[in-house]
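Trainee: Mind looking over this structure? Questions follow.
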Amino acid sequence: MAARRPRVLIVDDEDNIVLALHRVLYQDNHRYDVLLARSAEIAQKILMDVTVDVLVTDVHLPEKSGMELLYWAAVETPSTRVIVMTAFDVTGIKDRAHAFGCLRLMRKPFDVHEMRSTILRALDQRDGFAGNLSDLSAIDVIQMLCIARKTTSLRLSEGDRSGVILIENGEIVHAIWEKYIGEEAFFQMISVSNGLFHTSALPPDIERTIKGDWQYLLMEGIRRFDEQAAGITPNDQPRPSMRYAPIAVGPGQDAGPVVPPIPPLRMPKSMPPPPPRSTPPPAASPPVAAPPPVAAPPPVAAPPTAAEVAASADATATEVARLIDQGFSALRTSNRDEARKHWEEALKLDPSNRMVELNLRKLDAKNLRDQR
């Protein structure tokens, strides 16, 4: 059976753009087919009827816009790679376009040969890692990508909502979710429990808004999620029971809380002299025996050097990461018992690892749901 030829769909209502692109792309007729549409509605019908590998759409289209087509394609055909064209400034739509899976934004007028090169690169990209947020949660997927030091764009979608987490060499650099950008968007996305995830190539024009360590970001997000689930708000924090009064020590300065001073004790003006005491003569001291000889202490081993401590910590961290990765590999094959075994071993090596604890807790919750 012959392999399916890739397909590229061009969506634009400007005849000169469509004809110029078609003429340049025709030289690749032996590699892929080119389809044309003048509106988003026609493009949607094509996308529903056949598999399209690369979608190239203008932003300004009659009736329904190209951005609306992008949002629709992100949900209905998430594996389609999208390139967006616009004659206006891309700053206002860049984040939203990336959130819905756009690989590249190209400003009109552009070089049609550059567009051809962009389409060829999109066609050459391997299919990304995709799946449902069921056994693998958003936190699970993020951990796998960061531990493997991937450079990728992770898109999460839930209903009509979609967002993206951009990862470069295993570090989280940017996130977009609805009206949120940066760390707040990331914290919102890790709580997504239903929907789909899909990875694709990292866009070339990203802006770094997140600089924290990915493990800290996950733990902080988990802490927020736990507090929200428990109904804890900042106003619920305990208040001090003592009353304090601030003392100003200078213009605009505050010495902080102080305790009211204790009043001084009042002594009487005159006191009778104390009665004389008779002191008995000291008794003779008994002879003191010589102390037994003290044995020499055993030799103390030299403490490990800083290099030895660092090497041991690195070896432990490497082994923990390997066990976590093996747990995820077992989970992808629905082998929860094997995943539990690897994660319990990782927790023995690193008892303070909050993420491993969370993974084991989620396994317990899934097993409990299956038993009901």
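Trainee: Could you please let me know if residue 147 is surrounded by 19 or more Cβ atoms within 10 Å (Cβ to Cβ) and out of contact with any Phe, Trp or Tyr (no Cβ under 7 Å at 6 or more places or on another chain)?
Mentor: no
Trainee: Something else about it: Can you tell me which residue among 52, 18, 11, 82 is more than 27 Å from residue 194 (Cα to Cα), in contact with a helix residue (DSSP H, G or I) (Cβ under 9 Å, 6 or more places away or on another chain) and of a type in the set (A, V, I, L, M)?
Mentor: Testing whether each residue is more than 27 Å from residue 194 (Cα to Cα), in contact with a helix residue (DSSP H, G or I) (Cβ under 9 Å, 6 or more places away or on another chain) and of a type in the set (A, V, I, L, M) leaves just 11.
Trainee: Please report, ordered by residue number, the helices (runs of 4 or more DSSP H) entirely within region 276-372 with at least 3 residues that are at pLDDT 80 or above and surrounded by 12 or more Cβ atoms within 10 Å (Cβ to Cβ).
Mentor: 306-332, 336-349
Trainee: Going through region 107-123 one residue at a time, which ones are buried (at least 17 other Cβ atoms within 10 Å of the Cβ) and more than 25 Å from residue 197 (Cα to Cα)?
Mentor: Selection gives 115 alone.
Trainee: Restricting attention to helices (runs of 4 or more DSSP H) lying wholly within region 63-126, give those where 2 or more residues are at pLDDT 85 or above.
Mentor: Hits in region 63-126: 66-76, 112-124.
Trainee: Can you spot a residue in region 41-62 that is of a type in the set (Lys, Arg) and touching a residue at least 12 places away in the same chain (Cβ under 8 Å)?
Mentor: no
Trainee: Right, here's the next one. Could you tell me whether region 119-128 includes any residue that is touching a helix residue (DSSP H, G or I) at 6+ places or on another chain (Cβ under 8 Å), not assigned by TED's automatic domain parsing to the domain that holds residue 192 and not basic (Lys, Arg)?
Mentor: yes
Trainee: Determine which single condition residue 139 fails, assuming it passes every other condition in (1) surrounded by 15 or more Cβ atoms within 10 Å (Cβ to Cβ); (2) more than 21 Å from residue 331 (Cα to Cα).
Mentor: Only one criterion is unmet by residue 139, namely (2).
Trainee: Let me ask something additional. Is it true that residue 335 is polar (S, T, N, Q) and in contact (Cβ under 8 Å) with a residue 24 or more places away in the chain?
Mentor: no
Trainee: Let me ask something additional. Quick one: what pairs do we get from region 153-166, first residue within 13 Å of residue 130 (Cα to Cα) and β-branched (Val, Ile, Thr), second surrounded by fewer than 24 Cβ atoms within 10 Å (Cβ to Cβ) and at pLDDT below 80, C-beta under 8 Å, 6+ apart or different chains?
Mentor: So the pair list comes out empty.
Trainee: Considering every residue within region 194-212, establish whether at least one is surrounded by fewer than 19 Cβ atoms within 10 Å (Cβ to Cβ), assigned to a strand (DSSP E or B), out of contact with any strand residue (DSSP E or B) (no Cβ under 7 Å at 6 or more places or on another chain) and at pLDDT 85 or above.
Mentor: no
Trainee: List the strands (runs of 3 or more DSSP E) that sit entirely inside region 128-171 and contain at least 2 residues that are closer than 16 Å to residue 190 by Cβ and not hydrophobic (A, V, I, L, M, F, W, C).
Mentor: Correct list: 152-158, 161-168.
Trainee: Hey, could you check region 21-67 for residues that are surrounded by 16 or more Cβ atoms within 10 Å (Cβ to Cβ) and charged (D, E, K, R) and say which is farthest from residue 157 (Cα to Cα)?
Mentor: Applying the filter and picking the extreme gives 28.
The values are calculated or read from the model by the stated rules, or taken from the named source; none is laboratory data. Keep in mind the model is a prediction, meaning the values are calculated, not measured. All Cβ positions, even for glycine, are placed from backbone atoms using ideal geometry, and neighbour counts span all protein chains on display.
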